[in-house]
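Scroll down for the structure; my scribbles are underneath it.
The values are calculated or read from the model by the stated rules, or taken from the named source; none is laboratory data. What you are looking at is a predicted structure, and each value in this text was computed from that prediction instead of being measured. Because the Cβ atoms are built from the backbone with ideal geometry, glycine has one as well, and the counts that use them run over all protein chains shown.
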Ligand SMILES: Nc1ncnc2c1ncn2[C@@H]1O[C@H](COP(=O)(O)OP(=O)(O)O)[C@@H](O)[C@H]1O
Ligand SMILES: [Mg+2]
């Protein structure tokens with residue numbers, strides 16, 4: 001019960017930030033979308049030639065899954081930003097607000113466009129004729145007759161758009177934009193259902209309130225009720241004001257902390273934040289970023305600090321294969337990061353979070369499997385479970401090339417469900433993470449890698465080029481170097497990942513910090 | 001003074017023209033009634049006069065000025081147009097509907113308000129009771145009165161009226177028609193009025209133009225037409241009210257047994 005209350009309290013503590021960002025994003029996207037789709041709808045209503053292509057384009061946008069649309073904008077903006085940097089000497093943040101804004105803006109357009117076109121083209125031609133006959137110009141006909149008559153239907157379109165945008169904004173978390181989706185993504189990763197529920201309910205409530213308020217505006221137009229329009233505007237102003245006030249009051253953060261999408265990263269993100277705020281920095285988090293996204297963001301100074309893993313940089317960024325050993329790899333990575341990007345590598349945290357093949361102990365013993373080489377011999381009869389990333393990573397190619405295995409079945413899971421799957425026997429072997437507390441909890445054995453196909457994955461602290469010489473910042477993070485061993489990290493991870501007596505990542509970070517300061 | 005000379009109007013690339021070489025001169029202060037079957041080109045003729053439609057060929061002069069080169073918006077603001085099917089703006093109140101042309105002309109607020117009051121009185125709808133209602137809250141007859149008031153609002157000297165009394169019950173219809181004739185004389189209007197009702201045409205028209213297939217089949221005073229119908233078509237058209245009057249008389253006599 002204490003866990004539930006703590007989770008709820010943690011969720012509540014994040015609400016001003018998440019809600020504020022969510023409302024700011026949705027409102028901006030909706031306003032920008034309206035500024036584009038209203039005039040476009042009017043033009044399309046007037047021009048038969050344009051109508052088809054315009055509505056077709058908006059419908060096509062709608063067929064792109066919203067998450068994919070959001071994800072697509074990041075690389076596009078990144079290229080633009082690099083281009084802007086090289087030609088005008090000033091880039092912009094390709095991560096976070098901008099990609100989310102643009103994707104949601106596109107997403108908001110269809111209902112407004114469609115309703116504007118059908119409302120205007122549906123007006124009784126006799127009324128338009130009358131407008132001309134009483135001496136209205138084209139413009140006056142539009143503003144005095146067509147738009148007022150189309151207003152209820154257009155408003156209904158705006159309502160639909162608002163509902164879509166507020167709902168879809170929850171998906172902007174993975175492109176680095178904080179939203180109410182942070183509850184959902186983080187909750188899903190850490191199996192914190194209070195968080196998931198909290199996020200869903202908050203987003204649903206916000207959607208419902210805005211929908212009801214916009215319904216008032218819709219009615220005000222069709223019932224000629226000025227009072228309802230005022231009520232709608234006042235209501236919207238209250239919602240927006242109340243959600244943005246705490247955020248505006250808090251001002252800009254000094255340091256952006258990047259966090260990937262799993263429990264260990266949430267814990268380490270909190271830990272970094274603790275150390276930075278103790279040193280007097282104000283921080284903001286970008287949670288649930290993909291591996292490639294967060295590295296790009298760091299080099300572009302969109303993220304200032306995050307923890308990555310040596311093997312990831314080695315294979316994904318440096319495109320290296322082979323395994324020169326832990327020490328050499330760390331040295332080469334540090335040099336490469338500095339030379340190519342000006343990124344500061346403060347050093348290894350102490351533990352490794354490596355890709356490793358793991359099986360239930362009883363199953364492994366029954367089959368006599370101790371290493372990946374043994375595994376390869378049985379692979380054709382075994383089912384493999386991985387996370388979403390692993391099969392497309394170079395490590396997978398390297399390890400399957402080294403051991404030539406071909407599994408009977410391959411399935412992909414959310415990390416949580418992957419451990420669950422191996423435990424229940426849905427799969428025989430999984431691509432586990434060596435620092436995961438659940439390896440011990442479920443009594444899994446990690447298979448040896450005699451050919452050294454999988455590189456080491458030392459956790460390393462990376463600082464963006466813009467902050468690479470900030471002595472105060474580097475000093476604040478220094479105590480984390482070499483401070484956490486594998487066992488301690490596994491324990492901290494398990495606090496968050498276990499299914500009973502769960503702790504929030506923040507609690508785990510506090511516990512971890514205590515271990516560090518007592519120099520356990 | 002409205003003069004149409006050799007006017008033709010072809011809507012699509014194919015089919016017969018809607019107006020086919022029409023010549024028509026309407027004198028100042030006159031009520032000219034256009035009558036004819038549905039599709040004969042009556043509405044199109046009105047639309048050509050205030051340039052809601054542009055002629056394919058021919059010239060239109062209003063008070064001696066070539067209307068085809070005038071600014072159509074200005075032209076329309078100085079002509080009243082009462083629609084077949086009324087055409088009130090459903091999102092505007094009665095007061096706003098009546099005030100629309102003065103508002104477009106930039107009259108000041110007190111002058112507009114005074115004009116609205118005056119006009120509603122003219123069409124016999126008490127201003128306090130009707131000004132703030134919406135067209136949907138009115139009867140068909142009341143709407144047509146408002147249509148008339150709106151057309152008169154900017155003090156035009158030309159009125160174009162397309163079956164203005166069509167949707168009314170016979171009593172109100174006669175009332176409003178009589179009212180209109182009085183207004184027409186008082187304001188010294190020049191009126192082109194479309195109807196398909198011969199009785200109405202004869203009662204209201206100083207002259208009546210019978211239209212057929214976009215042309216004028218015959219034009220003259222009601223007396224001219226009654227005395228010398230040009231052909232069978234005109235004769236049947238004129239005969240209709242007389243025949244009905246005779247039939248009615250017969251029924252009335254046979255009635256009380
Ligand atoms: N906007 C238009 N487009 C095409 N044809 C039209 C249009 N307006 C009128 N017509 C055609 O022109 C002819 C005359 O129509 P109209 O002037 O409305 O007749 P009336 O008012 O006498 O019933 C009809 O054949 C009608 O179909
Ligand atoms: Mg007609």
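Numbers for the structure displayed
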item	result
Test set (1) within 16 Å of ligand 2 (Cβ to nearest atom); (2) closer than 12 Å to residue B:191 by Cα; (3) surrounded by fewer than 18 Cβ atoms within 10 Å (Cβ to Cβ) - residue B:33 fails condition number	(3)
Candidates A:102, A:95, A:77, filtered to the one that is surrounded by 15 or more Cβ atoms within 10 Å (Cβ to Cβ) and touching a strand residue (DSSP E or B) at 6+ places or on another chain (Cβ under 8 Å)	A:95
Filtered residues of region B:158-181 (kept if away from ligand 1 (no atom under 16 Å from the Cβ) and within 14 Å of chain A (Cβ to nearest Cβ))	B:158, B:159
Residue A:109 being crowded, with 20+ Cβ neighbours inside 10 Å and more than 13 Å from chain B (Cβ to nearest Cβ)	yes
Residue match in region B:93-105 (condition: more than 8 Å from chain A (Cβ to nearest Cβ) and exposed (fewer than 15 other Cβ atoms within 10 Å of the Cβ))	no
Within region B:187-204, considering residues that are modelled with pLDDT of 90 or more and away from ligand 1 (no atom under 16 Å from the Cβ), the one nearest to the chain's Cα centre (by Cα)	B:191
Selection status of residue B:88, within 14 Å of chain A (Cβ to nearest Cβ), in a loop (DSSP other than H, G, I, E, B) and surrounded by 18 or more Cβ atoms within 10 Å (Cβ to Cβ)	yes
Any hit, region B:60-68, residues being within 13 Å of chain A (Cβ to nearest Cβ) and within 16 Å of ligand 1 (Cβ to nearest atom)	no
Elements of type helices (runs of 4 or more DSSP H) in region B:106-216, at least 2 residues being within 16 Å of ligand 2 (Cβ to nearest atom) and not assigned by TED's automatic domain parsing to the domain that holds residue B:28	B:140-152
Of the criteria (1) touching a helix residue (DSSP H, G or I) at 6+ places or on another chain (Cβ under 7 Å); (2) exposed (fewer than 15 other Cβ atoms within 10 Å of the Cβ), which one residue A:366 fails	(1)
Of all residues in region B:70-85 being within 16 Å of ligand 2 (Cβ to nearest atom) and assigned to a loop (DSSP other than H, G, I, E, B), the one that is farthest from residue B:133 (Cα to Cα)	B:84
Those residues of region A:381-428 which are within 17 Å of residue A:451 (Cβ to Cβ) and either assigned to a strand (DSSP E or B) or under 27 Å from the mean Cα position of the chain (by Cα) (or both), in sequence order	A:394, A:395, A:396, A:397
Residue count for region A:490-504, restricted to those that are surrounded by 19 or more Cβ atoms within 10 Å (Cβ to Cβ) and outside any helix (DSSP H, G or I)	3
Matching residues, region B:25-44, being more than 14 Å from chain A (Cβ to nearest Cβ) and within 16 Å of ligand 1 (Cβ to nearest atom)	B:32, B:33, B:34, B:35, B:36, B:37, B:38, B:39, B:40, B:41, B:42
Within region A:171-255, helices (runs of 4 or more DSSP H) holding 3 or more residues that are surrounded by fewer than 20 Cβ atoms within 10 Å (Cβ to Cβ)	A:193-222, A:226-250
Qualifying residue in region B:76-85 (condition: modelled with pLDDT under 90, on the phi > 0 side of the Ramachandran plot, within 8 Å of chain A (Cβ to nearest Cβ) and in contact with a helix residue (DSSP H, G or I) (Cβ under 8 Å, 6 or more places away or on another chain))	yes
Hits in region A:112-125 (condition: within 14 Å of another protein chain (Cβ to nearest Cβ) and either surrounded by 21 or more Cβ atoms within 10 Å (Cβ to Cβ) or assigned to a helix (DSSP H, G or I) (or both))	A:119, A:120, A:125
Test result for residue B:137, within 14 Å of chain A (Cβ to nearest Cβ) and at positive phi	no
Scan of region B:4-23 for residues that are assigned to a loop (DSSP other than H, G, I, E, B) and either more than 16 Å from ligand 1 (Cβ to nearest atom) or loosely packed, with under 15 Cβ neighbours inside 10 Å (or both), ordered by number	B:11, B:12, B:13, B:14, B:15, B:16
Qualifying residue in region B:122-133 (condition: buried (at least 16 other Cβ atoms within 10 Å of the Cβ) and at the interface with chain A (Cβ under 10 Å from one of its Cβ atoms))	no
Of all residues in region A:126-145 being free of Cβ contacts under 8 Å to residues at least 40 places away in the same chain and more than 10 Å from chain B (Cβ to nearest Cβ), the one that is farthest from residue B:47 (Cα to Cα)	A:143
Which listed residue, of B:26, B:60, B:49, is buried (at least 19 other Cβ atoms within 10 Å of the Cβ) and within 16 Å of ligand 2 (Cβ to nearest atom)	B:49
Test result for residue A:119, under 27 Å from residue A:48 (Cα atoms), in contact with a strand residue (DSSP E or B) (Cβ under 7 Å, 6 or more places away or on another chain) and modelled with pLDDT of 90 or more	no
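Rundown of residues vs (1) under 30 Å from residue A:320 (Cα atoms); (2) at pLDDT 90 or above; (3) in contact with a helix residue (DSSP H, G or I) (Cβ under 8 Å, 6 or more places away or on another chain), yes/no style:
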site: A:442; (1), (2), (3): no, no, yes
site: A:453; (1), (2), (3): yes, no, yes
site: A:458; (1), (2), (3): yes, yes, yes
site: A:461; (1), (2), (3): yes, yes, yes
site: A:481; (1), (2), (3): yes, yes, no
site: A:509; (1), (2), (3): no, yes, yes
